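This report concerns only the one structure given below.
Every number in this text was worked out from the coordinates using simple rules, so none of it is lab data. Note that the coordinates shown come from a computational prediction; the quantities given were computed from them, not determined experimentally. Cβ atoms come from the backbone with ideal geometry, glycine included; neighbour counts cover every protein chain shown.
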Amino acid sequence: MSDKPVSVIPLLSRALHRIRSTPPRVIASPPTQPRRAAVAIIIRVVPSPNANLPSTSTSPPALSDFFELDWVNDPDARAEVLFLERENPVAEDGTLPKSSSSTRKEAHVAFPGGRTEADDEGGAYTALRQTWEEIGIDLAERDYVCIGQLDDREITTSLGKRLLMILSPFVFLQVSPSSPAPDPVPSTTLHWVPLSALVSANPAPRWSNVTVDAASRLAPKNSTALRWIVRLLIGSMEFPAIVLDNKTSPHVLKLWGLSLGMTLDLMSYMILPTPSSTSESDPEKNTLSSGRSSPLSQVMHLPYQSEVPGIRMDVVAPSLASVFPRFSYPDVNFWIWVFGKRYRDVIRGWEASVRSGGANDRRINWSGSALSTFYASIRKALVVVLVARALGLLFGFAFAGWWVFAA
């Protein structure tokens with residue numbers, strides 16, 4: 001593998017053009033749960049210190065013209081994406097996260113955004129409003145352009161059985177070399193992370209875990225005894241996470257969960273279709289070689305799940321499997337694999353969709369299908385594990401009683 005850094009700007013250009021031209025998968029809110037939320041994925045290109053920058057009076061360029069600018073294509077230009085570090089982060093189910101990573105040494109990052117209010121004019125408006133209220137960045141100004149929307153995501157709890165809300169991610173690009181300084185609320189810190197740190201092999205992204213108490217996902221909050229029993233019998237859940245390098249925070253920043261999934265969804269648009277699925281109109285058709293799915297497939301370091309046969313994360317967009325948790329008890333993971341044939345089939349179909357460019361199956365909700373089938377396998381596995389634990393305890397007590405009376 002070459003140590004030469006990946007040129008991120010051309011891949012970012014391709015991704016943003018594909019996002020603009022690809023309709024997102026929009027999930028309608030059911031009547032029983034109308035709540036929605038939206039986030040803003042904000043990207044900028046930091047010019048080289050020696051770049052010849054245009055005057056501030058110049059009109060903002062169109063997307064196609066932006067990536068033709070000299071300062072954008074400068075070898076020392078750097079593409080970055082914005083993450084937020086909040087003092088009191090909100091978990092995926094809308095509560096404070098109960099994880100061992102929520103310590104003074106570690107912090108979780110997320111995108112700016114929040115819940116949709118009744119008078120919001122849509123998801124994009126929600127993303128603009130929430131970004132302005134939390135960090136003081138006005139995405140409606142001429143310095144920014146809305147590229148488009150990524151696929152909607154379902155936020156669920158109780159292992160996927162209860163829908164909390166629908167989340168809509170919107171991608172924004174800063175088209176000027178500079179912009180007004182942000183004004184975040186005191187409890188929020190901004191971190192601009194280079195995209196190259198997420199896709200480059202030199203240095204490679206660092207993968208870690210975020211450990212979450214399984215009782216916080218499975219047992220009622222007001223039942224201390226039941227939560228203790230679940231914690232004893234089931235253990236904890238470990239979610240894959242990327243450790244972000246930073247020089248401004250005293251904490252170890254981790255990207256995981258929904259934020260990790262949306263980040264990898266963004267990267268999935270950098271994938272080049274395989275030669276068999278490339279259309280005549282694709283200008284990159286002749287740049288592909290046989291068996292090559294993406295320039296990043298050799299440098300994107302992902303949490304390979306070698307313990308699960310049939311899952312190969314050799315593409316840039318493994319957001320489905322990369323947000324799946326593992327349990328601290330090996331037998332729980334084994335039974336999840338036993339009952340997980342359907343979700344492995346969904347992942348294989350999603351990988352094939354990514355390799356082919358995803359043009360023919362836009363109506364398929366891959367993330368929702370994978371998560372629902374994965375949670376279904378977890379529920380079945382937990383039933384088997386709990387029954388096995390109960391039988392083991394009964395046998396143990398029976399044997400202990402027999403031994404005491406026999407003695």
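For this structure, a couple of remarks:
- Inter-label distance, nm, simple model (7 Å from Cα along the C-beta direction), THR224/ALA118: 3.9
- Pairs exceeding 32 Å between alpha-carbon atoms, taken from LYS161/LYS247; LYS105/LYS221; LYS105/LYS380; LYS247/LYS341: LYS161/LYS247; LYS105/LYS380; LYS247/LYS341.
- By other beta-carbon atoms within 10 Å, ranking HIS191, HIS251 with the fewest at the front produces HIS251, HIS191.
- LEU386-LYS341 FRET efficiency (beta carbon distance; Förster radius 25 Å; 0.05 resolution): 0.70
- Whole-Hz ³J(HN,Hα) from phi, Karplus 6.51 cos²θ - 1.76 cosθ + 1.60, for the stretch 73-88, glycine and proline x: 8, 4, x, 8, 5, 9, 7, 9, 10, 8, 10, 10, 10, 9, 5, 10
- Label sites at VAL185 and LEU164, each approximated as a point 7 angstrom past Cα along Cα to Cβ, lie 1.7 nm apart.
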